[in-house]
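Structure, as structure tokens:
The values are calculated or read from the model by the stated rules, or taken from the named source; none is laboratory data. Since this is a predicted model, take the numbers as computed values, not measurements. FYI the Cβ positions are ideal-geometry reconstructions off the backbone, even for glycines, and counts take in every protein chain you see.
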Amino acid sequence: MKFIDTHSHLYSSQFNDDRTQVVINAIANGVSTILLPNISSKYTKGMLVLCAEFPNNCYPMMGLHPCDVSEENFKHEIAHVEKELETGKYTAVGEIGLDLHWDKSTLEIQKKAFIHQVKLAKKYKLPIAIHVRESFAEAIELIEKLNDENLRGVFHCFTGNIEDAQRVINLGGFFLGIGGVLTFKNSGLDKTISEVDLQHLILETDAPYLAPTPFRGKRNESKYIVNIAEKLAEVHQISIEKVAEITTENAKKLFEL
């Protein structure tokens, strides 16, 4: 079985003591490919160093995370994203989007950054990885307006209901990113995902965050994609091998791997 972790921040400081071993452990558990979404310019170098260490396993994205957007840094950070995308070494534009959990006051500058980066993705014909924490309605409304044949991507860490899922599916070129929340006892996500065909799903960990049960509350790792896949197999009453096959093909299609 081969899995793809489509969203993992293994370059973050939580892995400073054992980063190389974490990647080796993931590969040993069948997670052959790990996609690394960027957060801001201060993380770019570390992300690229990890990709250089594992050139056949780790692939970078380039983007400005909504939690790192401010009026003060907007021009500098967007210029950095533009400059990096020109190099052609990135597999997607991400992690971009909106976040209304931490700071609602920056919504307008978040929207400005989001829209600008969506347009960059279209320019370079790259998929986008969208962050939608407590902001799904606002984010998908923007995407529905910007959507065309040059736009595709994933709604990262999808936790919505079946109506939300259908809006994503109706966009045409978008997938739902399914992670550890699926395994949480009272999340209700399992009920929603039971009604969504696997052809619309890709797997992700969001490491070091949102570790699946039975590791909830601990540092998440890419190797735990297997635990998420096991839960998805249970929800859809199919084999984990089938989950691996379909979600891996979906990820390969979306990110042109």
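Going by the structure shown, is residue 234 assigned to a helix (DSSP H, G or I) and of a type outside the set (Phe, Trp, Tyr)? Spelling it out, residue 234 is indeed assigned to a helix (DSSP H, G or I) and of a type outside the set (Phe, Trp, Tyr). Residues that are over 19 Å from residue 220 (Cβ atoms) and of a type in the set (Gly, Ala, Ser) were ranked within the stretch 13-58; the one that is surrounded by the fewest Cβ atoms within 10 Å (Cβ to Cβ) is 52. Here the condition is being buried (at least 19 other Cβ atoms within 10 Å of the Cβ), out of contact with any Lys or Arg (no Cβ under 7 Å at 6 or more places or on another chain) and part of a strand (DSSP E or B); of 225, 202, it holds for 202 alone.
Tell me whether the stretch 19-30 contains one or more residues that are charged (D, E, K, R), farther than 15 Å from residue 2 by Cβ and either in contact with a helix residue (DSSP H, G or I) (Cβ under 7 Å, 6 or more places away or on another chain) or in a strand (DSSP E or B) (or both). First the steps, then the outcome.
Pass one, the stretch 19-30, residues charged (D, E, K, R): 19.
With farther than 15 Å from residue 2 by Cβ added as a condition, the list becomes 19.
If we keep only those that are either in contact with a helix residue (DSSP H, G or I) (Cβ under 7 Å, 6 or more places away or on another chain) or in a strand (DSSP E or B) (or both) as well, we get 19.
Within the stretch 19-30 (the criterion being charged (D, E, K, R), farther than 15 Å from residue 2 by Cβ and either in contact with a helix residue (DSSP H, G or I) (Cβ under 7 Å, 6 or more places away or on another chain) or in a strand (DSSP E or B) (or both)), the answer is yes, since at least one residue qualifies.
Given the criteria polar (S, T, N, Q), closer than 14 Å to residue 236 by Cβ and either in contact with a Phe, Trp or Tyr (Cβ under 8 Å, 6 or more places away or on another chain) or modelled with pLDDT of 95 or more (or both), does residue 187 qualify? The answer is no for residue 187. Among the conditions (1) under 18 Å from residue 179 (Cβ atoms); (2) hydrophobic (A, V, I, L, M, F, W, C); (3) free of Cβ contacts under 8 Å to residues at least 12 places away in the same chain, the only one that residue 36 does not satisfy is (3).
Please give the number of the condition residue 143 fails out of (1) at pLDDT 95 or above; (2) under 18 Å from residue 36 (Cα atoms). With (1) at pLDDT 95 or above; (2) under 18 Å from residue 36 (Cα atoms) applied to residue 143, the lone miss is (2). If you check 95, 72 for being free of Cβ contacts under 8 Å to residues at least 12 places away in the same chain and either more than 27 Å from residue 32 (Cβ to Cβ) or crowded, with 20+ Cβ neighbours inside 10 Å (or both), only one passes: 72. Only one entry in 55, 37 is touching a strand residue (DSSP E or B) at 6+ places or on another chain (Cβ under 6 Å), modelled with pLDDT of 95 or more and of a type outside the set (D, E, K, R), namely 37. Residues that are of a type in the set (D, E, K, R), out of contact with any helix residue (DSSP H, G or I) (no Cβ under 8 Å at 6 or more places or on another chain) and modelled with pLDDT under 95 do occur in the stretch 98-105, at least one of them. Within the stretch 1-26, the residues that satisfy the criterion of being charged (D, E, K, R) and without any contact (Cβ under 8 Å) to a residue 40 or more places away in the chain are 17, 18, 19.
Being outside any loop (DSSP other than H, G, I, E, B) and either among the charged types (D, E, K, R) or under 26 Å from residue 214 (Cα atoms) (or both) is the requirement here; does residue 163 meet it? Spelling it out, residue 163 is indeed outside any loop (DSSP other than H, G, I, E, B) and either among the charged types (D, E, K, R) or under 26 Å from residue 214 (Cα atoms) (or both).
Any residue in the stretch 9-32 that is within 15 Å of the chain's Cα centre (by Cα), of a type outside the set (Lys, Arg) and closer than 15 Å to residue 118 by Cα? No - not one qualifying residue is present in the stretch 9-32.
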